[in-house]
Amino acid sequence: MTAPLLLWFRDDLRLADNAALNAATDAGAPVIPVFVLDEQPGLRPLGGAARWWLHGSLAALDENLRRCGSRLTLRRGSVEAVLPALAADSGARAVLWNRAYEPATRARDDKVASALHRNGIATQSFAGNALVEPDAMRTGAGGSFKVFGAFWKALRKPYRPGPPLPAPERMPDPKRWPASDRLEEWALRPGEPDWARGFAKWRPGEGGGIDRLARFIEHALPGYAINRNRPDLPGSSRLSPHLRFGEISPAQAWRAVEDAVARDAASDSDGEAFLRELGWREFCRHLLFHFPDLLSRPWRQEFERFPWRSDRPGLRAWQRGRTGYPIVDAGMRELWATGWMHNRVRMIVASFLTKHLLIDWRAGEAWFWDTLIDADPANNAANWQWVAGCGADAAPFFRIFNPVLQGERFDPEGEYVKRWVPELARLPAPDIHRPWNYDRLRPAGVILGKTYPEPIVDHAAARRRALEAYARVKG
């Protein structure tokens, strides 16, 4: 019998548009799909919310594989040891996978390939969960991009997604299946108390991603260019966790949007606005690939000496959604309850932490890493640095969002705040965004300092303090 192949899944938990899977099934040999929960030192463990999502995604992948006559083998431990042992146990002659691009993961993958080769096992890797591989994008001078506009121009005009790769109807199975861990043994989801009850509306897995993409194209892509900034409207795609875990590929999303524009189901401006978001996702990967310290060090070196404050009460108030600024608190409570936050509000809450409170962006990045279902190494670090003013092509530090004006502009009727800060629900807009100025708080059931906190910092004073701190490091 032909020796089997190991198909190593990572952040590509889908059957369609999967280059490594397509190559494995085309080889005509039995295929053993495997996922390894690798928690060795040096690799950043997934946060709690992402672990919750991973459980659902792996369960969905196994279910889809079983429809094809296959199954998912689960192993926990160092991939460098697990894959050679699994190959030896199953008689596999090769391991196939799609590439990942984070610095620690790339270093780990090199060690895995070396370990397999020492054992006489061939390896083959394919382009991973990106539109283009990060090292394929170069400036005219041959360097890496530091400005998104130039990056997008270089990507947008020539990029065309390749033809979609269909999901297999059947996968050749081995004569003997290797032993597998039980998914429940990994305890990826919480016990009691179950802090993830509010995540139930999400549907992890390839089927959930395909459905979400279809609903986005039909309902939210028309008008996306404007509505995507409104947290009170269902105007965003909510595709981020599906893209993060590779349940759909960015090329699938790109094709779907281009097709919708071509058949006049959405305008050119709406389509372009979404494609730029995919482009920004690629830019973040590009930055992390070429600046491996992006997760821990500021891109702009002068921020190494920025006078960040140690403010544990302030950080805790921000985490709990108790800052006294309704749009900030609504966002932080949405995050805790659902594992997700609207993108515009992510910028608002990040600006508040780094500029109103002068708390190091790395504290916010760590909190998002633990609480976001779509926590992505490149996106998380690059976006936090962008808001904090210390990243590549960053918003200038002196661009300090006024949380009141942001609320009034992007949640004009206060519906988003009412949903997540129900103690303010009886206040009318626009006063709901500045409750301390409302002269009928008590009739609305609001008692500042009791039913809802007073602002933990004055906006004008915080802005002056932030600009003074910035003046000490610029230039």
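The values are calculated or read from the model by the stated rules, or taken from the named source; none is laboratory data. Here the structure is a predicted model, which means the values were calculated and not measured. Reconstructed Cβ throughout: ideal geometry from the backbone, glycine too, with neighbour counts over all protein chains shown.
Right, residue 370: modelled with pLDDT of 95 or more, of a type outside the set (Phe, Trp, Tyr), within 24 Å of residue 339 (Cα to Cα) and assigned to a helix (DSSP H, G or I) or not?
The answer is yes for residue 370.
Conditions tested, residue by residue: (1) assigned by TED's automatic domain parsing to the domain that holds residue 286; (2) hydrophobic (A, V, I, L, M, F, W, C); (3) in contact (Cβ under 8 Å) with a residue 40 or more places away in the chain; (4) farther than 24 Å from residue 15 by Cβ.
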residue: 105; (1), (2), (3), (4): no, no, yes, no
residue: 108; (1), (2), (3), (4): no, no, yes, yes
residue: 112; (1), (2), (3), (4): no, yes, no, no
residue: 119; (1), (2), (3), (4): no, no, no, yes
residue: 136; (1), (2), (3), (4): yes, yes, no, yes
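Restricting the range 426-443 to residues that are hydrophobic (A, V, I, L, M, F, W, C) and under 38 Å from the mean Cα position of the chain (by Cα), which is nearest to residue 413 (Cα to Cα)?
429
Listed here are the residues, each with its yes/no results for (1) acidic (Asp, Glu); (2) farther than 18 Å from residue 246 by Cα.
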position: 187; (1), (2): no, yes
position: 192; (1), (2): yes, yes
position: 195; (1), (2): no, yes
position: 200; (1), (2): no, yes
position: 206; (1), (2): yes, no
position: 211; (1), (2): yes, no
position: 218; (1), (2): yes, yes
position: 226; (1), (2): no, yes
position: 230; (1), (2): no, yes
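Can you find a residue that is of a type in the set (A, V, I, L, M), under 30 Å from residue 281 (Cβ atoms) and either without any contact (Cβ under 8 Å) to a residue 60 or more places away in the chain or surrounded by fewer than 17 Cβ atoms within 10 Å (Cβ to Cβ) (or both) anywhere in the range 360-378?
Yes, the range 360-378 contains at least one residue that is of a type in the set (A, V, I, L, M), under 30 Å from residue 281 (Cβ atoms) and either without any contact (Cβ under 8 Å) to a residue 60 or more places away in the chain or surrounded by fewer than 17 Cβ atoms within 10 Å (Cβ to Cβ) (or both).
Please note which helices (runs of 4 or more DSSP H) are completely contained in the range 380-475 and include at least 2 residues that are at pLDDT below 95.
Because the criterion is at least 2 residues that are at pLDDT below 95, the helices (runs of 4 or more DSSP H) in the range 380-475 that meet it are 459-471.
Considering each residue of the range 251-293, count those that are farther than 30 Å from residue 235 by Cα, of a type in the set (A, V, I, L, M, F, W, C) and in contact with a helix residue (DSSP H, G or I) (Cβ under 6 Å, 6 or more places away or on another chain), and give that number.
Adding up the residues that qualify gives 1.
Given 467, 427, 441, which one is farther than 17 Å from residue 349 by Cα, in contact (Cβ under 8 Å) with a residue 24 or more places away in the chain and assigned by TED's automatic domain parsing to the domain that holds residue 334?
Residue meeting the stated conditions: 467.
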